[in-house]
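Trainee: Below: one structure in structure tokens.
The values are calculated or read from the model by the stated rules, or taken from the named source; none is laboratory data. Bear in mind the structure is a predicted one, so any value in this text is a computation, not a measurement. Don't worry about glycine lacking a Cβ; one is built from the backbone with ideal geometry, like all the others, and counts go over all protein chains shown.
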Amino acid sequence: MIEVNNLVKRYGDHTAVDHLSFKIEKGKIYGFLGPNGAGKSTTMNMITGYIASTEGTVTIDGHDILDEPEQAKKCIGYLPEMPPLYFDMTVLEYMNFVADLKKIPKDKKKSMIAEVMEMVKITDMKNRLIKNLSKGYRQRVGLAQAILGYPEVIILDEPTVGLDPKQIIEIRDLIKSLKEKHTVILSSHILSEVSAVCDYVLIISHGKLVASDTPENLGKLAEGSNTLNLTVKGEKDKIRTALGQIGGVKNVTVADAKEEHAWNVTVSTNEDSDVREEVFFKMADAKCPILEMQSKKVSLEEIFLELTEDDKKSKTSDKKMEVNSAGEAEKILEAQNGETDKKEGEDK
């Protein structure tokens, strides 16, 4: 549906997007994640043709966004972070205006507008001026203009900003229903939203794609995902020896537990290894009862932080450089002041 090949965007010496390549398939919801300044919005703006790329190509349903902009943009519905609304229009006037811009046939326009407004639950607001709507309803009007015309690809940038919890659930359900007829690309800083809604996640950092997979598979690849936490009663050495005999176990750590004669045990295993049954039988044979067993589940937040760790490191090193530079500057100033004091003393 969408092919992005070696996409680059430079602003002078700064590279906002660095040779980004990925494919978007039909009928799925894609989550687009990255820290602030990673290049998410720049990438989305290039996909929609809002800005031109420095290098690389974006192809939508076989149409290059720069060579065939009209045909490519017909396939896209876009909701930016700030919805493009005219505040002095009523909701219905605005929807008619958008329908005319999208060249929706007159015989279908009225029914389609009514259908879309009902879908996003703004029918009751159709005669209200947009400037008098709450932020949540403005967001819904923005979503309605993106859906109008039923484009094959719908790109949503922070679609639930400003909505109350009930509205967020409704919009999430609406986004899920959209994948029956559309491909959806969703950019959001709310990671729980991405894991709840998206079938596939793309994570970018410093303008580069650092991971692209289903949320489940990303969880398996993340550090610490293959960990079993136990509370076991028995002898410490006996527990460690028995667990160490299980195939696929990489490491066993044993620490004191709150309960008497019990231990907190952490078992690290190879990727895709499920040793829970073997652990149960080993502990039963060793007559060391398991009081509690929990398989660690890595959240999307942890995966995100792990994959974008370089951002934190680079920021830390930048701060250190700033501190060092400040320290060096202070020493230079002190030296200069010392030289000045010395010179003044000599003059006297």
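Trainee: Answer yes or no as to whether ASN127 is polar (S, T, N, Q), over 18 Å from ILE175 (Cβ atoms) and in contact with a strand residue (DSSP E or B) (Cβ under 9 Å, 6 or more places away or on another chain).
Mentor: Numbers: polar (S, T, N, Q): yes; over 18 Å from ILE175 (Cβ atoms): yes; in contact with a strand residue (DSSP E or B) (Cβ under 9 Å, 6 or more places away or on another chain): yes.
When the stated conditions are applied, ASN127 passes them.
Trainee: Tally the residues that are more than 15 Å from VAL116 (Cβ to Cβ) and within 31 Å of the chain's Cα centre (by Cα), restricting the search to the stretch 86-105.
Mentor: 2
Trainee: Which of the residues that make up the stretch 258-285 are among the aliphatic types (A, V, I, L, M) and surrounded by 13 or more Cβ atoms within 10 Å (Cβ to Cβ)?
Mentor: The initial filter retains those residues of the stretch 258-285 that are among the aliphatic types (A, V, I, L, M), namely 262, 265, 267, 275, 279, 283-284.
Selection gives ALA262, VAL265, VAL267, VAL275, VAL279, MET283.
Trainee: Can you name every residue in the stretch 1-45 that is on the phi > 0 side of the Ramachandran plot and either among the β-branched types (Val, Ile, Thr) or in a strand (DSSP E or B) (or both)?
Mentor: Those that are on the phi > 0 side of the Ramachandran plot and either among the β-branched types (Val, Ile, Thr) or in a strand (DSSP E or B) (or both): ASN6, HIS19.
Trainee: Then there is this: I'm trying to understand the selection: among the residues of the stretch 5-27, which are buried (at least 16 other Cβ atoms within 10 Å of the Cβ) and charged (D, E, K, R)?
Mentor: Of everything in the stretch 5-27, those that are buried (at least 16 other Cβ atoms within 10 Å of the Cβ) and charged (D, E, K, R) turn out to be LYS9, ASP18.
Trainee: Of the numbered conditions (1) at pLDDT below 90; (2) under 22 Å from VAL161 (Cβ atoms), GLU70 satisfies every one except a single condition; which is it?
Mentor: (2)
Trainee: Out of all the residues in the stretch 185-208, is one or more without any contact (Cβ under 8 Å) to a residue 24 or more places away in the chain and either out of contact with any Cys (no Cβ under 6 Å at 6 or more places or on another chain) or among the small types (Gly, Ala, Ser) (or both)?
Mentor: Within the stretch 185-208, the subset without any contact (Cβ under 8 Å) to a residue 24 or more places away in the chain is none.
So far as the stretch 185-208 goes, no, none of its residues is without any contact (Cβ under 8 Å) to a residue 24 or more places away in the chain and either out of contact with any Cys (no Cβ under 6 Å at 6 or more places or on another chain) or among the small types (Gly, Ala, Ser) (or both).
Trainee: Let me ask something additional. Having 1 or more residues that are surrounded by 17 or more Cβ atoms within 10 Å (Cβ to Cβ), in the same structural domain as THR48 (by TED's automatic domain parsing) and in contact with a Pro (Cβ under 7 Å, 6 or more places away or on another chain) is the bar; report the helices (runs of 4 or more DSSP H) wholly within the stretch 141-227 that clear it.
Mentor: Of the helices (runs of 4 or more DSSP H) lying wholly inside the stretch 141-227, those with at least 1 residues that are surrounded by 17 or more Cβ atoms within 10 Å (Cβ to Cβ), in the same structural domain as THR48 (by TED's automatic domain parsing) and in contact with a Pro (Cβ under 7 Å, 6 or more places away or on another chain) span 165-178, 191-197.
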